[in-house]
Amino acid sequence: MTLLDFPGKVACTVFLSGCNFRCPFCHNSELLDLDTPGVMDDEALLKFLAGRRGILEGVAFTGGEPLMRRELPQLLAKIKELGFPIKLDTNGAFPSLLKAVVSTGLVDYVAMDIKNSPEKYAQTCGLAEMGWADGAAKPGSLLAKVEESKNFLIAAGAGKLDGVPAIDYEFRTTTVAQLHDAASFAAIGPWIQGAKRYFLQVFTDRDTVPFAGLSAPSDAQMRAYADLVRPYAADVQIRGMN
């Protein structure tokens, strides 16, 4: 049960294994392998949720990367039949499936990671050796797919796409001192221009983080970074700062 993962709702969080990114600051690195054994199958999850109608107000899917699961729409549809709103966390690398679940009304809220500026995306995602060159959004590249997802959410969130229901969404960046600086956010701002909501999240070290020695920026730096993005997004906030 969570009061934080689905804004404004008492929800439960479903963690799905498997991710195509290898972010050095990942909090859920034990879920990176798609074949990680599960603790609950779909049938058990649906039974769990059916017994909590009237208690839970929503279901949040996170990972890993939930959209790696091509069968996800079928599960979301069954959960919607139980009457639950659904929130989806995504890294944006699967725009086709993102568009499908939003366009069919299977998802009510999307939280999409903006890992860094385009120039620093490969390093921040742990994929610098995967053919990303100088931040260029080459056709078919992962960065091009992230950009497609970003643009879709901005347009859909503004109700500008025919046949697509307006979606509530946020962009968010987990901010790490060793990976982000003022130049990062000076570039992120224009890249997400028109965004409805953007959160800078303070990095917190945990045992599950795959790389040691990472730390959060200072509070003053976090405020300065937020100010760099404010001209470009309607609502900019900081999460996790005292």
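Some values worked out for this structure:
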read-out: Shape box of the stretch 102-242 [Cα atoms, principal axes, largest first, Å]; value: 47, 37, 29
read-out: Sites excluded, trypsin sites (Lys or Arg not before Pro) in DSSP loops with at most 16 other C-beta within 10 Å, longest stretch of the chain; value: 71-159
read-out: Relative contact order (%) - the stretch 10-79, alpha-carbon pairs under 8 angstrom, separation at least six; value: 53
read-out: Zone residues, the stretch 207-234, relative to residue 242, backbone N less than 17 Å from point 7 Å out along Cα-to-Cβ; value: 215-223
read-out: Contact order relative to length of the chain, as percent, for alpha carbon pairs under 8 angstrom and 6 or more apart; value: 18
read-out: Reduced Cα scattering model of the stretch 1-84, Debye log10 I(q)/I(0), q = 0.18, 0.24, 0.25 Å⁻¹; value: -0.82, -1.27, -1.32
read-out: Neighbour-count order for 59, 176, fewest beta carbons within 10 angstrom listed first; value: 176, 59
read-out: Beta bridges by DSSP in the chain, antiparallel share as percent, to the nearest 5; value: 5
read-out: Calculated FRET efficiency for the pair residue 178/residue 70, C-beta based, R₀ 30 Å, to 0.05; value: 0.30
read-out: With at most 11 other Cβ atoms within 10 Å, longest stretch of the chain clear of loop GluC sites (Glu not before Pro) (DSSP); value: 130-242
read-out: From phi via Karplus (6.51, -1.76, 1.60), per-residue ³J(HN,Hα) for the stretch 84-93 in Hz, x at Gly/Pro; value: 9, x, 10, 10, 10, 9, 8, 8, x, 7
read-out: Where chymotrypsin sites (Phe, Trp or Tyr not before Pro) fall in DSSP loop in the stretch 189-242, at most 15 other Cβ within 10 Å; value: 211
read-out: Calculated Rg and Dmax of the Cα atoms in Å (choose from (1) 18.4, 66; (2) 16.0, 50; (3) 17.5, 50), label; value: (3)
read-out: Sorted by Cβ density within 10 Å, fewest first, the residues 17, 215; value: 215, 17
read-out: Projected label distance in nm at residue 207 and residue 104, using a 7 Å step from Cα toward the beta-carbon; value: 4.0
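Values quoted throughout were computed directly from the atomic coordinates according to the rules given, and no laboratory measurement underlies them. The shown structure was predicted, so the numbers you read here are calculated from the model rather than taken from an experiment. Reconstructed Cβ throughout: ideal geometry from the backbone, glycine too, with neighbour counts over all protein chains shown.
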